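Working notes, structure below.
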Amino acid sequence: DYGIDHVLIDEAQDTSPDQWEIIKRLVSEFAAGTGARLFLKRTIFAVGDEKQSIFSFQGAAPHEFDNMRRQFEKAFDRPELGWRHVQFDYSFRSGASVLAAVDSVFRAPTIHASITSDVAGVLRHESLPDAAPGRVEIWELEKPDDAREPEGWDAPFDSVPVSDPQVRLAQRIARRTKAMIADGAAAGDILVLVRQRGPLFEAIIRALKFAGVDVAGADRLKLTEHIAVEDLMTFGDALLLPQDDLALAVALKSPLFGFDDDALYKLAWNRQGTLRTALAGRHPDTAAQLDQLSAVARHETPFAFYAHLLGPQGGRARILARLGTEAADALDEFLNLALDYENRATPTLQGFLVWLRATQTEIKRDMDIARNEVRVMTVHGAKGLEAPIVFLADTTTRPEGPRAPRLLVLSRPDAPPGEAPGLIWAGAKKNDGPAVSTARAAALTEAENEYRRLLYVAMTRAAQHLIVCGFEGKQQRPERCWYNLVRGALQDELVEETGADGGILVFNKSGRGAVDGGGAPGAPSPQPATPRPDWLTRSVADEQPRSIATTPSQTGEAPDDAGDSFAAGRNAARARGVALHRLLQALPEIPRAERPAAADRFLARPATGLDEAARMQVRAQVFAILDDPGFAALFAEGSRAEVPVTGTIARGQNPVLRVSGQVDRLCVTDREVLIADYKSNRPAPTTVAEALARHPAYIRQLALYRAVLRLIFPQHAFRAALIWTDSAEMMEIPASALDAQLAMLTSA
């Protein structure tokens with residue numbers, strides 16, 4: 001019954017059953033009856049949209065969202081508790097045409113049932129009155145041509161020919177994007193969505209770069225597969241083994257040295273000895289640069305070497321000039337890993353390269369940063385984002401993905417509650433038994449349901465302009481793919497237009513006219529003026545504040561360090577106090593035998609700002625407290641350091657007092673709570689009366705902590721004390737003094 005008053009659950013549709021079980025245990029007492037804190041009304045607030053549950057691979061179960069809503073409604077639907085189930089149909093993002101298209105696509109009962117548990121309802125979105133009307137386009141699919149694919153042992157196995165429909169679609173998207181920007185749209189207004197990263201994803205980024213459009217690059221990439229990082233690692237290989245001609249050739253062709261094919265061919269052809277030997281004869285300046293970098297690599301850590309290569313040597317500037325600004329993230333993460341490696345092992349270049357190739361580090365870019373670049377990303381990655389113009393490019397994939405699910409869940413209708421379902425790895429479909437066949441059908445149904453929820457998320461990323469396009473391979477597109485769903489639902493209301501790249505089908509159902517298909521999305525139509533209400537000119541009474549915020553450590557005068565003879569000036573006193581607090585916080589968590597060495601390591605840091613004499617005195621004061629049996633209870637097992645304390649204190653008819661602070665040391669037993677704050681003033685007061693006279697703010701601070709903690713531990717006895725580090729004494733403050741200081745605060 002202690003500690004938790006309000007539970008807020010965001011993105012509740014993506015909460016897994018195990019996570020819901022944790023939440024249920026946390027709130028199990030909320031509706032059980034009267035709690036220990038009579039004046040508190042504890043609440044649960046959950047926000048979610050099951051139509052946007054697309055993370056089943058992370059355990060999300062959208063049906064659990066509706067199931068838990070019903071359970072909470074049953075528990076809380078009582079007059080003394082209150083329950084509200086709020087449906088929100090307004091969209092603050094999308095225009096009327098986009099929302100009308102979404103409603104039409106998901107209107108069919110079977111499609112509607114796949115995205116929501118409210119099977120009897122009708123999906124209906126409302127746009128804001130001032131939202132732009134919007135535009136939805138559907139392009140004809142790019143079809144494969146009849147050209148024969150290259151064959152033979154020397155045919156490239158991983159390249160995509162320019163005649164491939166994926167490449168043609170990417171080029172069309174790039175041309176349209178460039179035209180939109182020329183007509184006034186910003187590059188950052190455009191978002192291209194795909195279902196998964198693959199050849200189409202890479203082709204779109206490549207086509208946008210080739211068209212001269214600023215593009216943010218991949219939203220997620222494996223660091224060691226980025227070409228800039230590959231160049232850096234290969235250059236390291238060339239320095240480690242001078243006989244590695246291939247590594248050196250790759251490094252010379254990279255932006256680090258800028259050799260072209262002709263220069264490299266002339267260097268390598270008919271050479272005597274290694275490529276590095278030939279380089280010394282033909283390009284002595286480059287060879288001298290290599291020798292200098294080899295010396296740096298031998299004598300410096302990997303981080304220092306690569307920082308030198310990318311910084312003073314100009315490598316970073318040359319890489320960004322050739323690869324674009326998107327390479328900056330990869331270079332930064334590469335240097336971060338080089339620095340991290342130094343904390344893990346002996347920092348050698350060879351060890352770092354071996355470790356890096358084994359880590360498989362992946363970078364996830366923050367695509368929500370307001371950079372004026374076209375974003376190309378997966379629908380999963382775009383969750384929570386939006387853009388005025390959205391291309392939905394990957395629309396002809398199978399609902400279950402490239403491969404049907406093989407790990408199937410076998411559930412028994414008569415299984416007892418809590419029994420874990422069985423799992424089976426399914427083989428060929430023809431060998432399925434009845435149970436496996438049922439499990440396979442259930443898995444395919446759930447995969448198709450999430451496929452449609454993914455389409456819902458993709459379409460609703462568009463604020464004003466949605467373009468649905470795609471390509472068709474050698475095999476016919478799946479009947480239930482996104483493209484067919486969208487085009488089939490909107491077919492009767494599409495109007496054909498002729499564009500520069502062929503026919504375009506346009507959907508407009510906003511009732512306010514569509515924006516043109518050019519660049520900047522159109523402005524909303526002017527609305528009739530609304531009469532001015534009379535309350536607009538009436539004076540409003542001053543509103544009384546409902547609460548006043550206070551920080552316990554600032555409830556009075558600043559600490560009196562004027563008499564501090566230990567160090568000169570307030571900055572030295574502050575540095576001493578910080579060091580004392582930090583050691584008293586950390587050392588109790590360390591075994592007693594290791595504390596002296598840990599204290600010495602901490603105090604030796606230049607960042608403490610203490611001279612040798614100050615360090616020795618701080619050390620002596622800390623251990624005088626830690627080694628004193630009188631302080632044993634304060635540092636006993638179960639006590640905690642730097643405990644945040646937040647709460648409210650009633651003040652009669654006055655606004656409540658909101659308290660936020662941090663207790664230096666808190667010890668809670670079955671019957672008692674001990675609050676302690678460290679104070680480093682010199683000279684330290686010797687009596688409570690002197691402390692009240694010199695530092696009343698310290699007593700008020702303890703009084704506020706005690707008042708807030710009493711709300712959490714109403715049955716406990718309370719003690720509060722000041723620990724004077726200068727004299728190594730614990731001064732317990734009487735309850736009467738605390739009550740008097742609290743009364744001054746609550747009556748003001």
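No lab work stands behind these numbers, since they all come straight from the coordinates. A quick note: this is a predicted structure, and the numbers were derived from the prediction, not measured. Cβ sites come from the backbone with ideal geometry, for glycine too, and all protein chains shown count toward neighbours.
Give me the angle, in degrees from 0 to 90, between the Cα long axis of helix 227-240 and the longest principal axis of the Cα atoms of the chain, rounded to the nearest 10.
80 degrees
Along the charge dipole of the chain, pointing to its positive end and built from +1/-1 on Cβ of Lys, Arg, Asp and Glu, which listed residue (327, 712, 13) has its Cα farthest out?
712
How large is the helix-only mean residue ellipticity at 222 nm for the chain, computed as the sum of -39500 (n - 2.57) over DSSP H runs with n ≥ 4, divided by its residue count, in deg cm²/dmol to the nearest 500?
So the helix-based figure for the chain works out to -12000 deg cm²/dmol.
When we measure straight from the Cα of residue 266, which lysines land under 27 angstrom away, once same-chain ones fewer than 8 places off are left out?
Within reach: 253.
By per-residue mean of other Cβ atoms within 10 Å, what is the highest-first order of 636-643, 185-192, 667-674?
Sorting 636-643, 185-192, 667-674 by mean packing, highest first, produces 185-192, 667-674, 636-643.
What is the dipole size for the stretch 620-748, taken about its Cα centre, with +1 at each Lys and Arg Cβ and -1 at each Asp and Glu Cβ, in debye to the nearest 20?
With Lys and Arg at +1 and Asp and Glu at -1, about 580 debye.
If you wrap a convex hull around the C-alpha atoms of the chain and split its volume per residue, what is the figure in Å³?
Given the Cα convex hull of the chain, per-residue volume reads 284 Å³.
Which of the pairs 364/429; 222/383; 209/364; 143/430 have their Cα atoms more than 26 Å apart in this structure?
364/429; 143/430
Starting at 0 and stepping by 5 Å, how many percent of the alpha carbon pairs of the stretch 6-86 end up in each bin?
Reading upward from the zero bin: 3, 14, 26, 24, 16, 10, 5, 2, 0.
What spacing in nm lies between the two simple spin-label points modelled at residue 19 and residue 80, each 7 Å away from Cα in the Cβ direction?
3.3 nm
Could you point to the residue in 622, 171, 284 farthest towards the positive end of the chain's charge dipole, with +1 and -1 charges on the Cβ of Lys/Arg and Asp/Glu respectively?
Most positive-ward Cα: 622.
Quick one: compute the contact order of the stretch 6-86, relative version, from alpha carbon pairs under 8 angstrom and 6+ residues apart, as a percent.
43 percent
Please give the FRET efficiency for residue 445 paired with residue 425, using the beta carbon to beta carbon distance and R0 = 25 Å, rounded to the nearest 0.05.
0.80
Provide the gained length on full extension for the span residue 594 to residue 113, in nm with one decimal, where the gain is 0.36 nm per separating residue minus the Cα-Cα distance.
166.9 nm is the gain from fully extending residue 594 to residue 113.
To the nearest 20 Debye, how big is the dipole of the stretch 6-86 about its Cα centre, given +1 on the beta carbon of each Lys and Arg and -1 on that of each Asp and Glu?
Approximately 440 debye in magnitude.
How high is the relative contact order of the chain, given as a whole-number percent (alpha carbon pairs under 8 Å, six or more residues apart)?
15 percent
Which angle between 0 and 90 degrees, to the nearest 10, do you get for helix 165-182 versus the longest principal axis of the chain when only C-alpha atoms count?
The two axes meet at around 70 degrees.
Please identify the chymotrypsin sites (Phe, Trp or Tyr not before Pro) of the stretch 185-285 that satisfy two criteria: DSSP loop assignment and at most 14 other Cβ atoms within 10 Å. Which are they?
Filter output for the stretch 185-285: 269.
Restricting to bridges with both residues inside the stretch 550-747, how much of the DSSP beta-bridge set is antiparallel, in percent to the nearest 5?
DSSP beta bridges in the stretch 550-747 are roughly 70 percent antiparallel.
What distance in nm lies between label points placed 7 Å from Cα along the C-beta direction at residue 56 and residue 361?
Label at residue 56, label at residue 361, 3.5 nm between them.
Grab the Cα-Cα distance for residue 345 and residue 475, subtract it from 0.36 nm times how many residues apart they are, and report the gain in nm with one decimal.
Taking 0.36 nm per residue and subtracting the Cα distance, the gain is 41.6 nm.
Averaging sequence separations of C-alpha pairs under 8 Å and six or more residues apart, then dividing by the length of the stretch 220-364, give the relative contact order as a whole percent.
34 percent
Assuming 0.36 nm per residue, please report the length gained on full extension of the stretch residue 43 to residue 291 beyond their Cα-Cα distance.
Between residue 43 and residue 291, full extension yields an extra 82.4 nm.
Just how large is the dipole of the chain about the Cα centre, in debye to the nearest 20, putting +1 at every Lys and Arg Cβ and -1 at every Asp and Glu Cβ?
640 debye
Relative to the longest principal axis of the C-alpha atoms of the chain, give the angle of the C-alpha long axis of helix 62-76, reported between 0 and 90° and rounded to the nearest 10°.
Approximately 30 degrees, to the nearest 10.
Per the Cauchy relation, a quarter of the hull surface: what is the mean projected area of the convex hull of the alpha carbons in the stretch 659-713, in nm²?
Average projection, Cα convex hull of the stretch 659-713: 4.4 nm².
Using a Förster distance of 60 angstrom, determine the FRET efficiency expected from the C-beta separation of residue 202 and residue 605, and round it to 0.05.
After rounding, the FRET efficiency stands at 0.80.
Positive end of the dipole of the stretch 220-364, charges at C-beta (+1 Lys, Arg; -1 Asp, Glu), about the Cα centre: which of 248, 341, 232 has its Cα farthest in that direction?
Final value for the positive-end residue is 248.
Using a 10 Å cut-off on Cβ atoms, rank the peptides 355-361, 423-429 from the highest mean neighbour count down.
355-361, 423-429
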